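Below is one structure, written out as structure tokens, with a few remarks after it.
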Amino acid sequence: MSHPPVEPGTIAIIGAGTMGAGIAQVAAAGGWTVELMDVSPPVAHAAVAGIGTRLDRLVEKGRLTAAARDDIASRLLVATCANCLAGSDIVLEAIVEDLDVKTAVLTGVLPALRDDAIIATNTSSLSVTELGDRIGRPSRTVGMHFFNPAPLMKLVEVIAGRHTDAAVVDRVAAVGASWGKVVARAADVPGFIVNHVARPYYLEAFRILEDGFAPVAVIDGAMKTLGGFRMGPFELTDLIGQDVNAATTRSVWAQLDHPPLLHPSRVQERLVAGGHLGRKSGRGVYDHSGEAPTPALAVEARSLAMSDELATSVDAFVAGASTGTGSALERYVFARVLVSIIAQGALANERGVADRADIDAALMYGVNYPKGPFTWADEIGIATCCRLLDALNATVSDGRFAVPESLSSRV
Ligand SMILES: NC(=O)c1ccc[n+]([C@@H]2O[C@H](COP(=O)([O-])OP(=O)(O)OC[C@H]3O[C@@H](n4cnc5c(N)ncnc54)[C@H](O)[C@@H]3O)[C@@H](O)[C@H]2O)c1
């Protein structure tokens, strides 16, 4: 979707932690004046200094001129009082993920703001609608969900709350695009697009492990070599943090009324309970204490016995999805995980979370998938995807591979 040109304005960013600092850099580089505010002013000053260091590195690498660095730095200001935000066109909050805290902070600054100021939230999991209602500005509150690290990740999800003015949504989408981001519009549903549609990448990998069909290295390897994913699901969850990843799953699963495809993984929950959180704790699915990570999670191995129908469906699916070859087990792993993402994408689209192009863009630019699920499904063939889902569904008791209506209707 093309966006109208945007005249740079002033954005106040409240919360100068990981995300607030990253978004401040993006906005200042996009020509906007940034008022950065934190409950702890030294944190905001440190964030500005940190951005300066990052910009210096870009200059050293020849990716930014010294003049451009000085220009960007001159637009980064620290705000220490609500009145400093009076001239802001947009106030974006990137405060801790707590609705009460976000509500209290925004309510505190609102009297100082212009009536037409847009209130944007970087929340990953809270309801934009509820935040807008709570602060009494439902029509001007919108989600602007960046990904970490914000200066590098291309995606911003723009989320319309139930009462958000269409013009407000269009405006922040245009602003995001003017900052060089790929904009995906999403409805106000748990997990928006990425944290919702990408869940089977982790969950189905964990379930294959629970089934005992394939060990850790085979699962991660299959997704990288056959799928072209940059990281396998276990490498990625160890990087994200098993606790963070499992908490997102739990929250999305509960808020969406417990769909079986998004059911939390027992193995992952055990990792979390045991303190095996991934890289940050030295051990997760992998042991990270040595030079290279080594698989640290052994499960009882069981051999995979595929019916003729399942084996044929897997091979047809892989032939359309990948240029790689691989063992029968690797093909099964890749096909089962990818078709689950395709099904989840279709379910999200049916529920009105986002249109197909936005779901594809969100997964490519928010989590670096080589292709979006709808593009992949079209290349593979919808009938082939449906046949594989049917064959997989015959092997489980929870019905999680049931073919979504929007796929079966296209066969
Ligand atoms: N970290 C991620 O990968 C990521 C990605 C997308 C969205 N988010 C969302 O962005 C938001 C911020 O996350 P983060 O990772 O940057 O957290 P963070 O802990 O790094 O930063 C939060 C900042 O908020 C400040 N803060 C706390 N209470 C405040 C208050 N009353 N007034 C002003 N500032 C206050 C803290 O001092 C801290 O600097 C959360 O809503 C989170 O869900 C995080």
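What follows draws every value from the coordinates through simple rules; no lab data is involved. Model, not experiment: these values are computed from the prediction. No Cβ is skipped: glycine too gets one built from the backbone with ideal geometry, and neighbour counts run over all protein chains shown.
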Mean Cα-pair separation over length for segment 273-398, i.e. relative contact order, pairs under 8 Å, 6 or more apart, %: 21 percent
Please order VAL318, VAL78 by the number of other Cβ within 10 Å, starting at the fewest. VAL78, VAL318
Which of THR237, THR10 comes first, and how do the rest follow, when ranked by fewest Cβ neighbours within 10 Å? THR10, THR237
Label zone at ALA49, where the point sits 7 Å out along the Cα-to-Cβ direction: segment 145-172 residues whose backbone N lies under 14 Å: none
Mean-position separation - Cα centroids, segment 320-361 and segment 67-125, in angstrom: 37 Å
Mean residue ellipticity at 222 nm from the helices of the chain, using -39,500 (n - 2.57) per DSSP H segment of n ≥ 4 over the full residue count, to the nearest 500 deg cm²/dmol? -15000 deg cm²/dmol
Check cross-link reach from LYS154 to the lysines: straight Cα distance under 23 Å, and skip same-chain residues fewer than eight apart. LYS61, LYS181, LYS224, LYS371
Percent of Cα-Cα distances greater than 35 Å, calculated over the chain: 32 percent
With the chain treated as a Gaussian network of Cα nodes joined by springs under 10 Å, which of MET153, MET144, MET37 yields the largest mean-square fluctuation? MET153
Nearest 5 percent is fine: what portion of the DSSP beta bridges confined to the chain is antiparallel? 25 percent
Aspartates and glutamates whose Cα lies under 18 Å from that of LYS280, excluding same-chain neighbours fewer than 8 positions away: GLU235, ASP238, ASP243, GLU269, GLU291
So what is the relative contact order for the chain, in percent, with contacts set as C-alpha pairs under 8 Å and at least six apart? 13 percent
Ranking HIS196, HIS45 by Cβ neighbours within 10 Å, fewest first, what do you get? HIS45, HIS196
Calculated P(r) of segment 196-408 - Cα pairs past 25 Å, %: 33 percent
In degrees, nearest 10, range 0 to 90: what is the angle between the Cα axis of helix 99-109 and the longest Cα principal axis of the chain? 20 degrees
So, over other residues within a Cβ distance under 14 Å of LEU113, counting Lys, Arg +1 and Asp, Glu -1, the net charge is -2
Within the set VAL158, VAL109, VAL175, GNM on the chain using Cα springs under 10 Å gives the largest fluctuation to VAL109
